[in-house]
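The values are calculated or read from the model by the stated rules, or taken from the named source; none is laboratory data. All of these numbers come straight from a predicted model, not from anything done at the bench. Every residue, glycine as well, gets a Cβ built from its backbone with ideal geometry; the counts of neighbours run over all protein chains shown.
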Amino acid sequence: MSEHTEPTTQAPTVEADLPTIVELCKKRGIIFPSSEIYGGFRSQWDYGPLGTELKENVKRHWWRTMVQLREDVVGLDAAILMHPRVWEASGHLENFADPLVECVECHKRWRADHLMEDAGQTTLEGITCPGCSGELTDPKNFNLMFKTFSGPVEDEGNAVWMRPETAQAMFVDFLTIQRTNRLKVPFGIAQLGKSFRNEITPGNFVFRTREFEQMEMEFFVEPGSDEDWHQFWIDERLRWYTELGIRRENLRIREHDEDELSHYAKRTVDVEYYFPDSSLGWAELEGIANRTDFDLKAHEAVSGQDLRYYDQVADERYHPYVIEPAAGATRATLAFLYDAYRVEEAPDADGTLQSRTVLKLDPRLSPYKVAVLPLSKKDTLTPLAKEVYDLCKVRWMTEYDETQSIGRRYRRQDEIGTPFCVTVDFDSLEDRAVTIRDRDSMRQDRVAIDRLVGYLAERLPVC
Ligand code: GAP
């Protein structure tokens, strides 16, 4: 543990491990291997109906917190393929690389820094191929950006790169957005979307993939106020995870050591989550960096455009400093799944204790907010059950499910984190009331259909 790492006062309380989460995601079609009928494809993953809802809810809540509820942050949706000189200015063409060695026998490639770390050495001396003990070549830098060509001619003049982060568009568009929206420093620009990195060792399910989603915000501040704003955003971002249900003891703040800082950063702090899997442990969910005026000055130098902000009150121009909370939407989705996973003992209909798996997701993240479950498939119940479904579905993502026994349907809804199940039974035909079951307490309330929407609205937060 680095001397700058926050001491944890309580041991982490994560109950799931990677095989458990992967199994649950596969069984319920939440996340599964891409191109599975072809045997899957290189650590690429598809988000099924439930996974799509969950990930969208993570992103929606980030957008609500970072843009909708703030007067000083606006949104952006920029092109993924940007002018190639963007990556020259940002330093990605030169610096965004990992050192690789190749085995002369089996031709497998390895990260040189990882091999040295594993061997507890600062040089490659004496280290052989971990696969076949063959001799290794000298390290060569391997750029992590995906390169492609714009247009039909595949020559260097048409080379473009898939963005490896969403951040750069916020610097490139900084003045356009500031002027057209009449913004005054301090203000932020937020963007979420896909990023691509040709990771040498993707793995741990969706923790590290070559195609992933980021949620980034660049907050432009007056130089001198940057350190206070940096602390402000560290506290805010930590709060976002805990307010959405991640237990505090499973999160920590880690300060980057001097030699670990990126070329643009004055100070960087990571929000880490405790994944109890051996190859992860405490691992980064989000980096919060003080990027100084590095990026605006770098783009100014390469584009030749003056990117200074004009402060009307002081009648001066300057390059703002930038505080950047940079999170992964796909990685956060994984952390929310881990933290919500519980196995509990619960009484069944005749009072016998049974174990149940329940995803205690914050309802704002749950894929479905409501499940409408007619007690039986009998035609007599269907019209009323559909009426109840229609009432709910216009307000919340609602599932209608009439297959299997009611017990099994409750178990399925617990396992996918649905906060409320609404059961329509034969009495409902007489009293026009339904039974509402709460996922966490398993308490059941009988509620008139006329009051159903009000009852649920009181308990489901706006998202
Ligand atoms: N603009 C700064 C930046 O991109 P980063 O620490 O490289 O910083 C930010 O990335 C976040 O993006 C990480 O904290 C992580 O959550 C996510 N991320 C980065 N690479 C990833 C990958 N290969 N797979 C999944 N998520 C990734």
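See the values below:
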read-out	value
Candidates N158, N141 - the one that is surrounded by fewer than 15 Cβ atoms within 10 Å (Cβ to Cβ), polar (S, T, N, Q) and at pLDDT below 95	N141
Filter result (touching a residue at least 12 places away in the same chain (Cβ under 8 Å) and among the acidic types (D, E)) within the range 203-242	E211, E213, E216, E218, E222, D226, E227, E236
Selected residue (criterion: nearest to A16 (Cα to Cα)) from residues of the range 251-310 that are part of a strand (DSSP E or B) and of a type in the set (F, W, Y)	F275
Search result, residues across the range 204-222 that are surrounded by fewer than 19 Cβ atoms within 10 Å (Cβ to Cβ) and more than 10 Å from the ligand (Cβ to nearest atom)	E222
Close pairs from the range 150-171: first in a loop (DSSP other than H, G, I, E, B), partner among the aliphatic types (A, V, I, L, M), Cβ under 6 Å, at least 6 apart	S150/V160; R163/I80; P164/M145
Every residue from the range 183-241 that is of a type in the set (S, T, Y) and at pLDDT 95 or above	S195, T209, S225, Y241
Some residue of the range 326-342 being in contact with a Ser or Thr (Cβ under 6 Å, 6 or more places away or on another chain), touching a residue at least 12 places away in the same chain (Cβ under 8 Å) and of a type outside the set (S, T, N, Q)	no
Hits in the range 1-34 (condition: loosely packed, with under 14 Cβ neighbours inside 10 Å and over 18 Å from R331 (Cα atoms))	M1, S2, E3, H4, P7, T9, Q10, A11, T13, K27
Qualifying residue in the range 168-188 (condition: more than 16 Å from L81 (Cβ to Cβ), small (G, A, S) and within 16 Å of the ligand (Cβ to nearest atom))	yes
Filter result for D138 (more than 16 Å from the ligand (Cβ to nearest atom) and out of contact with any Leu (no Cβ under 6 Å at 6 or more places or on another chain))	yes
Hits in the range 202-226 - residues which are under 20 Å from H114 (Cα atoms) and not hydrophobic (A, V, I, L, M, F, W, C)	P202, G203, N204, R208, T209, R210
Enumeration of residues in the range 323-332 that are more than 9 Å from the ligand (Cβ to nearest atom) and surrounded by fewer than 23 Cβ atoms within 10 Å (Cβ to Cβ)	none
Of all residues in the range 35-53 being in contact with a Ser or Thr (Cβ under 9 Å, 6 or more places away or on another chain) and small (G, A, S), the one that is surrounded by the most Cβ atoms within 10 Å (Cβ to Cβ)	G51
Residue within the range 3-25 that is touching a His at 6+ places or on another chain (Cβ under 9 Å) and either in contact (Cβ under 8 Å) with a residue 60 or more places away in the chain or in a loop (DSSP other than H, G, I, E, B) (or both) present	yes
Check on R247, touching a residue at least 40 places away in the same chain (Cβ under 8 Å), within 12 Å of the ligand (Cβ to nearest atom) and in the same structural domain as W63 (by TED's automatic domain parsing)	no
